[in-house]
Amino acid sequence: MNDKKLIDMIYSGNDDALLYIIESYSKLLWAIVGNVLNNIGTNEDIEECISDAFMNLWHNPKAYNPKKGTLKTFLAVIAKRRALDKYRQICKLNTVELDETINSQDEDLFEFVSKQDLYSKLYEAIRLLQEPDREILTRRYFFEEMPLDISAKTQIPIKEVKNRLYQSKLRLRKLLTIGGVEYEI
């Protein structure tokens, strides 16, 4: 079936058209979303993004413009955007969880605020790093993964993982040297 006929069928509320689209493009969307959410999202997160892409088409078929590309491309773009939104959401949740681990009851308020400020600066400095350095550093020092595990998950040789950790720490040290005061990382 061609794209125009499928969209016309969706306009008319034909469920079979949506089922045909789902069968045709599910594997492609799974690959796209899975690539974005690799090692951070769950299968449920991937399925949610894919479902959102199909539901977007079902509820808003007018959004598809055949002059801009194929239906396949349209769905791929929607799925990737949903995956990126989910990635940001998961990263934000993980950041909140890390901040909540600070036990402010054992420290006075000044120390707690100072640590929060340092964590904030550290987080901003890490965001300035390029991938895969950012991911390697986060996995090693926030999720406490060993370099061998990081190597396996990122498909980067272990020697390169260790070198990137070392170089990233040097870059962070330069970024965190504020007013002549070097923060310990």
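The set of residues in region 67-83 being of a type in the set (Val, Ile, Thr) and buried (at least 18 other Cβ atoms within 10 Å of the Cβ) consists of ILE78 alone. Exactly one residue out of LEU84, LEU98, LEU37, LEU57 is under 25 Å from the mean Cα position of the chain (by Cα) and at pLDDT below 85: that is LEU98.
Residues of region 147-164 that are within 19 Å of LEU37 (Cβ to Cβ) and either part of a helix (DSSP H, G or I) or modelled with pLDDT under 90 (or both): ASP149, ILE150, ALA152, LYS153, THR154.
Only one entry in TYR64, TYR25 is buried (at least 17 other Cβ atoms within 10 Å of the Cβ) and in contact with a Phe, Trp or Tyr (Cβ under 6 Å, 6 or more places away or on another chain), namely TYR64. Among the residues of region 1-58, those that are among the aromatic types (Phe, Trp, Tyr), more than 30 Å from PRO132 (Cβ to Cβ) and in contact (Cβ under 8 Å) with a residue 40 or more places away in the chain comprise TYR11, TRP58.
The values are calculated or read from the model by the stated rules, or taken from the named source; none is laboratory data. Please read all numbers here as calculations on a predicted model, not as lab measurements. Please note: Cβ atoms are built from the backbone with ideal geometry, for glycine as well, and neighbour counts cover all protein chains shown.
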